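Student: Starting off with a structure, shown below.
The values are calculated or read from the model by the stated rules, or taken from the named source; none is laboratory data. Note that the structure is a prediction, hence the values are computed from the model and not measured. Neighbour counts are summed over all protein chains in view; Cβ atoms, including those assigned to glycine, are modelled from backbone coordinates with ideal geometry.
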Amino acid sequence: MSPESRTPIDGADALLADLDGVVYKGAGAIPYAVESINRVAGRMRVGYVTNNASRTDASVAEHLRQLGLSVEPNDVITSPQAAVTLLTELVPAGSVVLAVGGEGLTFELVKAGFVPTASALDNPAAVVQGFATTLGWEQLAEASFALHSDVEGGGIPWVATNTDWTIPVARGIAPGNGTLVSAVHSAVGRLPVVAGKPEVAIYREAVTRFGAEHPVFIGDRLDTDILGSNRAGIPSVFVLTGVDGAKQLLAADERSRPDFILEDLRQLDQPYPAVERSESGVVRVGSAAVRMVENRVTLEGSVDAGGADRIDLIRAATAAIWSSGLAIYGIDIEPNLLDALGIPR
């Protein structure tokens, strides 16, 4: 198969998809996401991997079905599920565990045989912290009290479902679980074991459940989805429908660079254009091209910033910058190229 005919999912036996910023934003589906995933689902198993710890797998599956996807609870992998798997390695079965989070977290704890509590006075064997929109100072204080209860012994185990700093919602970008974990960290002076992206536990959970030998992961965040996928050794696909955009892609460090970059999910099963390089420093993808000489990147020709060429221009610019070996702060990007990429000056 030639590079020009390859699609991001060729050779895959499972598609693992992030949710917030990939499938939906708030309650509504992202344009083209549902029909694109349904098309891929005819070829392989699709799993939905989310760091959001506030809902159960059944609740997430119901939401996805309402959007038009064919989903069962077992198709959903949540960070509470990965957190509970980690917890089983840290404390005995049946232990009392302080749960800081929502229904998604307490449901998984009970299902695994743990006894959730909301009070540090119950002498919990561990603390598990996840996201919920109703969390406040009292719950965070209980976590701090419990984690301080065994200072001489180094403290009881503390597992966080995830540490996403932000979460995309219908009205914009809001604080995520990472901000709440950071508040407890500031109070207790230690860090938790993390189950969700970008740590590999949640990826292992998904791969094991689906028995996937050649999975592909798609996400919208470089610092969680793509970094975690790369750590887990899973080919990564980045889609420009969520938190991160062209600016973050250009600046991505080597650990956080995806294998594929898509404008939207319609391109999941479309041929992915090859990168062509010339001795004069021109990097071309499709009809878009940039030139990189020393540390300066310039636009070759003209590109409609709102048209189909923009995604190929992003691919060409990232290919040029990533292969240069230079950090983004050492690169001079031509203003016209920034405009064509849709990056504010």
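Student: Name the residue that is surrounded by the fewest Cβ atoms within 10 Å (Cβ to Cβ), counting only residues in region 29-59 that are β-branched (V, I, T) and at pLDDT below 95.
Tutor: T56
Student: Continuing with this model, one more query. Can you tell me how many residues in region 92-102 are at pLDDT below 95 and surrounded by 17 or more Cβ atoms within 10 Å (Cβ to Cβ)?
Tutor: Final tally of qualifying residues: 2.
Student: From the set of residues in region 109-123 that are more than 20 Å from L140 (Cα to Cα) and under 26 Å from the mean Cα position of the chain (by Cα), which is surrounded by the most Cβ atoms within 10 Å (Cβ to Cβ)?
Tutor: Filtering region 109-123 for residues that are more than 20 Å from L140 (Cα to Cα) and under 26 Å from the mean Cα position of the chain (by Cα), the one surrounded by the most Cβ atoms within 10 Å (Cβ to Cβ) comes out as A112.
Student: Also: How many residues does region 60-84 contain that are in contact with a helix residue (DSSP H, G or I) (Cβ under 7 Å, 6 or more places away or on another chain), part of a helix (DSSP H, G or I) and either free of Cβ contacts under 8 Å to residues at least 40 places away in the same chain or not hydrophobic (A, V, I, L, M, F, W, C) (or both)?
Tutor: The qualifying residues number 6.
Student: Turning to a different aspect of this structure: Condition check: in the same structural domain as I333 (by TED's automatic domain parsing), in a loop (DSSP other than H, G, I, E, B) and of a type in the set (D, E). Does E279 satisfy that?
Tutor: yes
Student: Also: Just for region 309-322: of the residues that are more than 15 Å from K247 (Cβ to Cβ) and without any contact (Cβ under 8 Å) to a residue 40 or more places away in the chain, which one is surrounded by the most Cβ atoms within 10 Å (Cβ to Cβ)?
Tutor: A320
Student: Give T78, T7 a once-over and let me know the one that is in contact with an Asp or Glu (Cβ under 6 Å, 6 or more places away or on another chain) and farther than 24 Å from P198 by Cβ.
Tutor: Checking each option against the conditions leaves just T7.
Student: Follow-up. Just one of A58, A93, A12 is of a type outside the set (D, E) and in the same structural domain as E142 (by TED's automatic domain parsing); which is it?
Tutor: A93 is the lone residue from the list that is of a type outside the set (D, E) and in the same structural domain as E142 (by TED's automatic domain parsing).
Student: May I pose another question? From the residues in region 203-229 that are hydroxyl-bearing (S, T, Y) and out of contact with any helix residue (DSSP H, G or I) (no Cβ under 8 Å at 6 or more places or on another chain), which one is surrounded by the most Cβ atoms within 10 Å (Cβ to Cβ)?
Tutor: That would be T224.
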